[in-house]
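Working notes for the structure below.
Only the coordinates and a few stated rules stand behind these numbers; no lab work does. Model, not experiment: these values are computed from the prediction. Using ideal geometry, Cβ is built from the backbone for each residue, glycine included, and neighbour counts are taken over all protein chains shown.
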Amino acid sequence: MNNLKLTKTWIKAALIRAVRTMAQTAIATMGTSAMICEINWSVVLSLSLMAGLLSVLTSLAGIPEAKE
């Protein structure tokens, strides 16, 4: 495992990536419904949160923006 340093730069980059991933997942999940009233918001929220968590875990392998 590489030498992981959780610097402010890394945390900021990881959170930005996670929020972007969550937004993309929410949009994709909402896009599967034909009408806005058919959207299952609990599914959208749970899938988006899971995608955000997976994004942060993936960022542990390294983030090019946070190289110092």
- Message: Within region 1-14, does at least one residue satisfy the condition of being of a type in the set (S, T, N, Q), loosely packed, with under 11 Cβ neighbours inside 10 Å and in contact with a Gly (Cβ under 8 Å, 6 or more places away or on another chain)?
- Response: yes
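Answer with yes or no whether Gly52 is surrounded by 11 or more Cβ atoms within 10 Å (Cβ to Cβ) and part of a loop (DSSP other than H, G, I, E, B).
Criteria not met by Gly52.
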- Kindly check whether there is at least one residue in region 24-33 that is outside any loop (DSSP other than H, G, I, E, B), free of Cβ contacts under 8 Å to residues at least 12 places away in the same chain and surrounded by 11 or more Cβ atoms within 10 Å (Cβ to Cβ). yes
- Query: Of everything in region 34-45 that's surrounded by 13 or more Cβ atoms within 10 Å (Cβ to Cβ) and not in a loop (DSSP other than H, G, I, E, B), which residue is farthest from the chain's Cα centre (by Cα)?
  - Reply: Val43
- Task: Output yes when any residue across region 61-68 is among the β-branched types (Val, Ile, Thr) and in a helix (DSSP H, G or I), and no when none is.
- Result: no
